[in-house]
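Contents: one structure, followed by commentary.
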Amino acid sequence: MKKVLKYLFLALSINLHAQTVKIAAAGNLRFILDDIKARYVSTNPKTNLVINLGSSGALFQQITNGAEFDLFMAADKIFPDKIKAQGLALGEVKTYAFGKLVIWSNSVDVSRGPELLTGKSINRIAVAKPELAPYGERAIECLKFYNLFDKVKDKIVYADNITQAAQYAQTGNAEVGFIALALAISPEMKGNYYILDTKSYRPVEQAMVLLKSAQNNPEAVKFMYFLLSADCKPIFEKYGFLVP
């Protein structure tokens, strides 16, 4: 009898785990994942989606240090590729969207574009740390493309991730911020933004990969394919992403 109870408990534990999907997601996915989660759970009510937001680099470090996530949704393709190269992936790296970079502010008019950054009204520019956040890296590329980096580098305030960069600009710790379009058009970000020319930075190819922790979690596989489905395409487009 004890053995039967033991196996019943084990089966129950596996089943409960299969209903929980732990997602490590880039900060620019904060609002879009709220919408996607609501739609998914409406048809899969027993599924518990646990979303952990951060910079792609910081999440990569957590995963390589043993953090147990089922799915890694990065703001680029480089970090998922590194996960696969290190033997921590389950299956192939899949591109789910292409993002766009903007200058955002709730205190100054940014319609002039990058040239406004050299003005006296701009004392601080929020940028996510380029070594951790792909959008921060693209922001530096953009500044260098317009020959502005050396002129404004002393104004830059570096944030740990793209969400924090948005918070700096939103709270007045910086007059402007380089953030993802997906954050700029979210309901909470009440300000104005300027969409930067995509020729000024490398494409932001956002990719994801299942992690080995998901090998006994079919729900994680199901959710990943939902993200790639036609059901999610209009949600991504609503937040300014291009869907491949």
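Results, tabulated for the structure shown:
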{"quantity": "Check on Thr47, of a type outside the set (A, V, I, L, M) and touching a residue at least 60 places away in the same chain (Cβ under 8 Å)", "calculated": "yes"}
{"quantity": "Per-region count, the stretch 165-186, residues under 21 Å from Phe98 (Cα atoms) and not aliphatic (A, V, I, L, M)", "calculated": "3"}
{"quantity": "Residue in the stretch 148-158 that is part of a loop (DSSP other than H, G, I, E, B) and basic (Lys, Arg) present", "calculated": "no"}
{"quantity": "Condition check for Gln206: touching a Leu at 6+ places or on another chain (Cβ under 6 Å), touching a residue at least 40 places away in the same chain (Cβ under 8 Å) and not β-branched (Val, Ile, Thr)", "calculated": "no"}
{"quantity": "Selection from the stretch 222-244 of residues that are assigned to a helix (DSSP H, G or I) and either touching a residue at least 60 places away in the same chain (Cβ under 8 Å) or touching a Ser or Thr at 6+ places or on another chain (Cβ under 9 Å) (or both)", "calculated": "Lys222, Phe223, Met224, Phe226, Leu227, Ile235, Phe236, Lys238"}
{"quantity": "The stretch 57-116, subset among the small types (Gly, Ala, Ser) and within 15 Å of the chain's Cα centre (by Cα), residue surrounded by the fewest Cβ atoms within 10 Å (Cβ to Cβ)", "calculated": "Ala58"}
{"quantity": "Subset of the stretch 19-69 [out of contact with any helix residue (DSSP H, G or I) (no Cβ under 9 Å at 6 or more places or on another chain), part of a helix (DSSP H, G or I) and farther than 17 Å from Cys232 by Cα]", "calculated": "Ala58, Gln61, Gln62"}
{"quantity": "Criterion violated by Leu196 - all others in (1) in contact with a Cys (Cβ under 9 Å, 6 or more places away or on another chain); (2) surrounded by 18 or more Cβ atoms within 10 Å (Cβ to Cβ); (3) hydrophobic (A, V, I, L, M, F, W, C); (4) closer than 28 Å to Val41 by Cβ satisfied", "calculated": "(4)"}
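Values quoted throughout were computed directly from the atomic coordinates according to the rules given, and no laboratory measurement underlies them. Everything numeric in this text was worked out from a predicted model, so none of it was measured. We place every Cβ from the backbone using ideal geometry, glycine too, and count neighbours over all the protein chains shown.
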